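Here the structure is laid out as structure tokens; the discussion comes afterwards.
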Amino acid sequence: MEKNNLSRQIIMDHYKYPHNKVSEIINRDEYLFKKALNPSCGDEVEVFIKLENNIITDIKYIGSGCSICCSSGSIMTEELINKSINEANNKIENFNKLITGVNYDINLFEDAICFEGIKNYPARYKCAFISWETVKSLVKGDKHE
Amino acid sequence: MINPNKIKNDFSMFKNNPSLKYLDSAATSLTPDIVVEQINDYYKKYRSSINRGTSKMANDVSRKYEGSRKTIANHFNTDPSEIIFTKSTTTSINNISKSIIHLIKPNSNIVVTNMEHHSNFLPWQVLCHENNIELRVVKANHLEIKSKDVIDMIDENTLIVCIHHVSNIIGNTVDLSEISVKTNDLDVMLLVDGAQAAPHKKVDLKKINCDFYTVSAHKMCGPTGLGVLYINNRVVNKLKAFDYGGDMVTPSSVTYESFLQKSSPNKFEAGTPSIAEVLAFGVSIDYLNKIGMDQIENHEIKLKKYAINKLSKLDYVKIYNSNNNSGLIAFNINGVSVHDAMSESFISDITFDSEDIIIRDGQMCNNLTMKYVLKEKALLRASIYIYNDKNDIDMLVSQISKIYNVWR
Ligand SMILES: Cc1ncc(COP(=O)(O)O)c(C=O)c1O
């Protein structure tokens, strides 16, 4: 399969069958969490992470929105779970490069490389980055917004 | 009866974009060539200021400018002194909100509704916050504002009632007649946001009997950057001027200590106005009247019925406003986010955009209706105007089904 088609297929799979997506979190107090909005189109994600000894031991999200926003959220949870804060920050930074067409460390990623195509659609940048950006601000210490 | 194909010939946009299906006139309409030519003529043939200098050309332009005001006043059945030119509906409403601050008393309240465009809500929310007075929000009932619910909110302490004439998402028309009886009885000011009404139906300001009525030229075949604000002569003396400067003052009256304001409309038009736009908008109004406002309204209602009939056969399309008489169709496609439907990405190149079908997505600058009335995060809106025909609708419907098939 052509690379673009494969990417498309993987993203569609994550969109239709998302990983680590929940409709609500009961034990909120065990998590750091933060909500983010993409005001132009109504994308909305709320990300929950559990930090133990500076490692992200659990990560979940509640979300609704476009295919790119939702699939990126699903892939983000897979890419960042069990990573240390430093590793997560490094991945987030590289993912930002990946979707903006800047050289990045390709060895860091699995499914996330499917988002390379976003670089040609700057209007969709926010959709792809919103959940990653939220984790970045959570590990920095912003929460409960 | 309107013949959209003939009307399309009046708009170069269609010649330059042969596959354009323009269904976004509620955001901004297209502009017929004669209006654009009027703008050109002003810049190319008789460029000068108005009401300043005494050259023959300046006098001619001043006369044309006032002629345009008269055309617009006639169209809305009011006096030219009550027609004020501003930048937009947004500017008009903000200006009014600032010109009545001195009338606020500690127990004043302001009545608005939860179906207002942000431009007819935020200025009032800010005014109420800053002056610590009550903002009363009338809630929609079955997707529309009932005049009785508005009337129930008004009392002798109400400073102003601010309400849409036609709403910008649902397209329902508010029955203003009983509201204005009540505001007049209690000597309460009434502001009507006519941005979505004036382009589509005959508006008779004598009949409506409000104090302020706002219109955006760019939504009715006019230029961008021009608003028309009707100010009923009976309230002019209560209001502060919007701006101070040239042309709103009697020049010889200016001293170190004081000055004398002119009467309306000059009182509210300080500075060099948008001359080209005012001249052009006079041409737009003539153009619309040649077609006929009643014809325009009928055409939109008929074409919307045609669209609803087709759309209601697609069980995956949710329509929010099937039944009202307007040219607005607010809808969603089940399981497809508006963003995916609208804008192309590497995941799907089957979108409205890919077929040059221009509609609007998102919250339409009206988050109150989205959040409290429809309880949706986003939706799609197709809006019909004089140049739209059955083919535009057929293309819209067929693209909806193609988009659905990508994502289902
Ligand atoms: C009902 C209504 N009010 C106000 C406005 C604001 O008009 P403008 O952007 O021309 O100031 C709009 C335009 O979208 C509208 O639909």
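The values are calculated or read from the model by the stated rules, or taken from the named source; none is laboratory data. Owing to the predicted nature of the structure, the values given are computational and were not obtained by experimental measurement. Positions of Cβ are backbone-derived with ideal geometry, glycine not excepted, and every protein chain shown enters the neighbour counts. Keep in mind that these areas ignore ligands, DNA and RNA; they rest on the heavy atoms of the full protein, side chains included. Shrake-Rupley method; radii C 1.70, N 1.55, O 1.52, S 1.80 Å.
Annotations
- Taking the C-alpha atoms only, the angle from helix B:56-75 to the longest principal axis of chain B is near 60 degrees.
- Inter-part distance, the range B:272-349 to the range B:246-270, computed on C-alpha centroids, equals 43 Å.
- Theoretical FRET efficiency, 1/(1+(r/R0)^6), r = Cβ-Cβ of B:Asp60 and B:Lys15, R0 45 Å, to 0.05: 0.90
- Cα-Cα pairs of the protein assembly as shown separated by more than 44 Å (percent): 29
- Where only C-alpha atoms are counted, convex hull volume of the range B:10-71 per residue in Å³: 110
- Chain B packed on chain A takes about 1700 Å² of accessible surface away from a 1.4 Å probe, both sides summed.
- In chain B, the ratio of gyration radius to Kirkwood radius, Rg to Rh, stands at 0.99 when only Cα atoms are counted.
- Rounded to 5, the percent of DSSP beta bridges in the protein assembly as shown classed as antiparallel: 65
- Cα-Cα over 25 Å, subset of B:Lys15/B:Lys390; B:Lys201/B:Lys318; A:Lys21/B:Lys139: B:Lys201/B:Lys318; A:Lys21/B:Lys139
- Low-density loop cleavage sites - trypsin sites (Lys or Arg not before Pro) in the range B:346-398, where at most 16 other Cβ are within 10 Å (DSSP): B:Lys375
- The range B:182-304 - convex hull of alpha carbons, volume per residue in Å³: 127
- Largest to smallest in accessible area, the residues B:Asp204, B:Asp79, A:Asp43 fall in the order B:Asp79, B:Asp204, A:Asp43 (1.4 Å probe, all protein chains included).
- When the listed pairs B:Lys146/B:Lys240; B:Lys70/B:Lys267; B:Lys87/B:Lys290; B:Lys64/B:Lys240; A:Lys97/A:Lys126 are checked against a 20 Å cut-off, the alpha-carbon distance exceeds it for B:Lys146/B:Lys240; B:Lys87/B:Lys290; B:Lys64/B:Lys240.
- Accessible area expressed per residue, the protein assembly as shown, with surrounding protein chains retained (probe 1.4 Å, Å²): 44
- Using equal-weight Cα scatterers in the Debye expression, the normalised intensity of the range A:1-60 in log10 at q = 0.26, 0.29 Å⁻¹ is -1.07, -1.14.
- Residue-normalised convex hull volume from the C-alpha trace of the range A:60-145: 96 Å³ per residue.
- For the range B:38-83, the ratio of Cα radius of gyration to the globular rule of thumb 2.2 N^0.38 Å stands at 1.27.
- The 1.4 Å probe gives accessible areas that order B:Tyr306, B:Tyr43, B:Tyr256, largest first, as B:Tyr256, B:Tyr43, B:Tyr306.
- Each other residue within a Cβ distance under 13 Å of B:Gln125 adds +1 if Lys or Arg and -1 if Asp or Glu, for a net charge of -2.
- Cα shape, chain A, gyration tensor, a/c 1.5 rule: prolate
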